[in-house]
Amino acid sequence: MGKNPNINCLLFLLSWLFLFQPSSCRNSSPYLLESNHRGNTTYYIGLQTNQGKEVYDSWFADTDGRIIYFGQSPFWRAYFAAKEPDPQGDLREEGDYLIGRFDTEKDTFLAPLKVGHGKASLLDVLYHTENHNVYFTTFFDTMGYVNPNSKRVVYFKGLGAGLNELYQGPGGEIYVTRYSSAGKSGSVVVITPSGRLLKEFFIHLPGFIIAPKSIAVSPITGEMIINTDMFSLEGDLVRHDTFVLGPDGRVRQRIMAREVFFMSFDRQGKKWVAERSEDGSWQMSITYPGGKIVSLIIDKKPLPFDVIQDIKHRNAVTIATAWSGRLYYFEENSQGIDFIPLLPETGPGLDALPKGKGILAYSTMMANNGFLYGAISHGILIFKLAPP
């Protein structure tokens, strides 16, 4: 006996609706609230999953090539919530320590990795290319790692507070900047992947409290580059000097004439330094292992209060991300290094400086599929952009 023709029509209609609805709907995740397109950019807005009172934003990010791992933090919202900006505003409420995850194969959010609970929040994350764990810092609390597969969380004891940004060293060891601790100068902490303290390096200058921010370590020489905030003994921010340290921790160079925003080494050992020139323009200085230096002017008129916040590498491609959402794309070829400035279509957070407060782009990286993905501190937000 044949099927009712009305049933056949209904089945056809349902199959048509499934096949032709947007792929984001077919592959929907409960952690993806919505996606929207603006010109050359797609924005993915994620679900707030913190069980506390605070609203979280995306922060620093790293990737294994497929999954984007990013810290979630209420820091900027708490910072601006009081009448006067409060760098300890994050400590007013307890909340979950969360590492967000975004799957670039399906372009959707996965359940975040919960690595703890307390009054601090996630700051930096590092995907370790050898053991595949994701390391995290919380600044006011401790640091540790989580295995993305088993969800096993390990905390490191005895390292102290103030731990800030992470960098995987040439031997798999982990370098962490300690911004400051108890009103004293910070340091560079070197630990094993299991969290055992190997070394701690300090920079001392009379009359200053030195707070290391970011660090990069040469895979060839072990040289360290550290940019800093420098405070007077009264607590006033007065300088942003950068220091070059040897593998033994001794200061080899102090860079004072220009402000270094961020620095990194690629796998070939080239040193990438994003800095502000004396005339106010931005440049990227690239130093080859043999000593050759290439300097490229990347922004003649940067936005007020803007800085380059992160540099990521993948094969011949390097991407620098500014807080404003401006991206600086470099690709090496047989003739040298091509530079292309990119500006994702205006979306949440990308037109915020100098108007907005705390709505900032943090990290951009190239995934296995060849697209660029970035994290923006404006709720749980990831953007996708085709390379030039």
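Of note:
- Extension gain (nm, one decimal) between GLU94 and LEU296, 0.36 nm per residue minus Cα-Cα: 68.2 nm
- The orientation-averaged shadow of the Cα convex hull for region 158-234, equal to a quarter of the hull surface, comes to 5.0 nm².
- The length gained by stretching the chain between ASP248 and PHE305 to full extension, at 0.36 nm per residue less their Cα-Cα distance, is 17.0 nm.
- Calculated FRET value between ARG152 and ASP279, using beta carbons and R₀ = 35 Å, to 0.05: 0.10
- Structure-based [θ]222 nm, the chain - -39500 (n - 2.57) summed over DSSP H runs of at least 4, per residue, nearest 500: -2000 deg cm²/dmol
- Using a cut-off of 29 Å between Cα atoms, the listed pairs LYS199/LYS312; LYS151/LYS271; LYS119/LYS271; LYS151/LYS270; LYS213/LYS271; LYS83/LYS300 include LYS151/LYS271; LYS119/LYS271; LYS151/LYS270; LYS83/LYS300 as exceeding that distance.
- Over region 167-211: Kirkwood hydrodynamic radius from C-alpha pairwise inverse distances, Å: 11.2 Å
- Viscosity 1.567 mPa s, 4 °C: Kirkwood-radius Stokes-Einstein D of the chain over Cα pairs, µm²/s: 59 µm²/s
- Between GLU105 and GLU130, the simple label model (points 7 Å from Cα in the Cβ direction) yields a spacing of 2.7 nm.
- Here the simple spin-label model places points 7 Å from the Cα toward Cβ, and for GLU173 and LEU33 these points are separated by 4.3 nm.
- For region 48-107, the normalised intensity computed at q = 0.15, 0.23 Å⁻¹ comes to -0.51, -0.89 (log10 of I(q)/I(0), Debye sum over alpha carbons, equal scatterers, no solvent).
- Förster radius 45 Å - calculated FRET efficiency between LEU205 and ASN40, Cβ distance, rounded to 0.05: 0.45
Computed from the coordinates by the stated procedures, all read-outs in this text should not be read as laboratory data. In this text, all values refer to a predicted model and were calculated from it rather than measured experimentally. For neighbour counting, all protein chains shown are included, and Cβ atoms are generated from backbone atoms with ideal geometry for every residue, glycine included.
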